[in-house]
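A.B. asks: Mind looking over this structure? Questions follow.
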Amino acid sequence: MAASKMKQAGGKDSNNQQAETIVNQVNIALAPLDEMAKVVLENAFGGVPATTLKQVEDNQSSFKSIFVDELKKIVAQVNDIEKIVNSPDFQYVSKKALLSASRSGEVDMHQDLSHLVVQRMLHDESDIKRFVFNEAIEVINKLTDNQLKILSLCFLGKYVIWNDVLTKEQLNNVLKKFFVPLLDVELTNSQFQYLEYVGCSNNSSIGGKSHFKQFIKRKYPMSLSEGIDAESIQNFDDYELIKFGDKYKIPYVNLETMKNSLFEKGFSEEKIQRHVNLYNQMVGKRVLNSDDDIPSLFTKGSELNEVYSWFGSMNLTAVGIAIAITHLEKVVGEKWNVDIWIN
């Protein structure tokens, strides 16, 4: 019993020490920001009316409070935080963030800037990520909420795939969670031209068209399959299969994903080809009569079809991807590993 109590006490002390370390690290990061806020007030807002100055101070307080909350989540993962925050490069970019936050009372903007600054700290040792987050911090205050939605929709449609989506119900759940909240969006040529101008995208959508049904067919063909009976599969045990009701499917979202996975597992070319043949057979047995019926299978399918007709050949830059991920984490509360797309 005594040993048990000693162990509990040690654990409590350890937790207290860890909490104290986090507080110390946050204070180290916050100190230069506090000093910078004073400089910004004097240099950028000197001579403005007292009511304006009060608003600037409130904006700064909001930004710093959110920054502290964001920093606490990752501070244990940051190496040598004092070196980072005192470097000229970080001082410069954090001043840009503070200036942007000082000019706006929008909490959403403060959240976006705080997230990007913290990510910049977290990835300080990677040159490319450091440069990308530096640029994203300078650009994001130039974007409207509508433009953030456009970047996010492009990112979801062109750069993300959910590999466990094998049925139309599963795909519909993904669309409802990630895509539908962004559909209140205004799409005009000027919006896309501006995103290209500020360095978030290239190969604008203008002059090109794409369609939601093509996006579904290309990325999630297995979700449109009704599957096949066990009796229709020769040498049943030779295949990777999963059962849905009384039907079977090969558990890969699309053909390319399956071929890559089977190759990595060391399957022979002959066995991979047999999987390909069966996969094509399954995809051929669809739950709909024609491609035109695809939007009708999903929540807000017609709206999604209209939105994605705008994206054409639009591609995101690394800066556009960083900003899209920042916006999505705020909107849907999902964490994304930026290393997948920015490396």
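A.B. asks: Can you pull out the residues in region 324-343 that are within 8 Å of the chain's Cα centre (by Cα) and either among the aliphatic types (A, V, I, L, M) or on the phi > 0 side of the Ramachandran plot (or both)?
C.D. replies: Those that are within 8 Å of the chain's Cα centre (by Cα) and either among the aliphatic types (A, V, I, L, M) or on the phi > 0 side of the Ramachandran plot (or both): Ala324, Ile325, Leu328, Val338.
A.B. asks: A follow-up question, please. Just to confirm my filter: which helices (runs of 4 or more DSSP H) fall fully inside region 227-343 and include at least 2 residues that are within 30 Å of Ser114 (Cβ to Cβ) and at pLDDT 95 or above? Steps first, please.
C.D. replies: Details: elements: 255-264, 269-284, 301-308, 318-332.
So the answer is 318-332.
A.B. asks: Considering region 161-204 alone, what residues qualify as being over 24 Å from Val332 (Cβ atoms), free of Cβ contacts under 8 Å to residues at least 24 places away in the same chain and surrounded by fewer than 16 Cβ atoms within 10 Å (Cβ to Cβ)?
C.D. replies: Correct list: Thr188, Asn189, Ser190, Gln193, Tyr197.
A.B. asks: Sticking with this structure for a sec: Please find, among Gly157, Gly199, the residue that is of a type in the set (Gly, Ala, Ser) and modelled with pLDDT of 95 or more.
C.D. replies: After applying the criteria, what remains is Gly199.
A.B. asks: Of all residues being surrounded by 15 or more Cβ atoms within 10 Å (Cβ to Cβ) and over 35 Å from the mean Cα position of the chain (by Cα) in region 229-280, which is nearest to Ile161 (Cα to Cα)? Just the residue, please.
C.D. replies: My answer is Arg274.
A.B. asks: Follow-up question, since we're still on this one. Can you name the condition, by its number, that Arg286 falls short on among (1) surrounded by fewer than 14 Cβ atoms within 10 Å (Cβ to Cβ); (2) in contact with a strand residue (DSSP E or B) (Cβ under 7 Å, 6 or more places away or on another chain); (3) charged (D, E, K, R)?
C.D. replies: (1) is the only condition that Arg286 fails.
A.B. asks: A further question follows. Give the number of residues within region 147-160 that are buried (at least 18 other Cβ atoms within 10 Å of the Cβ) and closer than 30 Å to Glu226 by Cα.
C.D. replies: Summing the residues that are buried (at least 18 other Cβ atoms within 10 Å of the Cβ) and closer than 30 Å to Glu226 by Cα in region 147-160 gives 5.
A.B. asks: With the condition kept exactly as written, say whether any residue in region 126-134 is at negative phi, among the β-branched types (Val, Ile, Thr), part of a helix (DSSP H, G or I) and within 16 Å of the chain's Cα centre (by Cα).
C.D. replies: Looking for residues that are at negative phi, among the β-branched types (Val, Ile, Thr), part of a helix (DSSP H, G or I) and within 16 Å of the chain's Cα centre (by Cα), one finds at least one in region 126-134, hence yes.
A.B. asks: What are the pairs with Cβ atoms under 6 angstrom where one residue, in region 73-96, is touching a residue at least 24 places away in the same chain (Cβ under 8 Å) and under 18 Å from Ala37 (Cα atoms) and the other, located anywhere, is in a helix (DSSP H, G or I) and of a type outside the set (A, V, I, L, M, F, W, C)? Sequence gap at least six, or different chains.
C.D. replies: From region 73-96, the pairs are Val85/Pro32; Val93/Asn134; Lys96/Glu138.
A.B. asks: Do we have Glu303 as in contact (Cβ under 8 Å) with a residue 40 or more places away in the chain and surrounded by fewer than 16 Cβ atoms within 10 Å (Cβ to Cβ) here?
C.D. replies: In short, no.
The values are calculated or read from the model by the stated rules, or taken from the named source; none is laboratory data. Because the structure is a prediction, the values reported are computed rather than measured. Cβ sites come from the backbone with ideal geometry, for glycine too, and all protein chains shown count toward neighbours.
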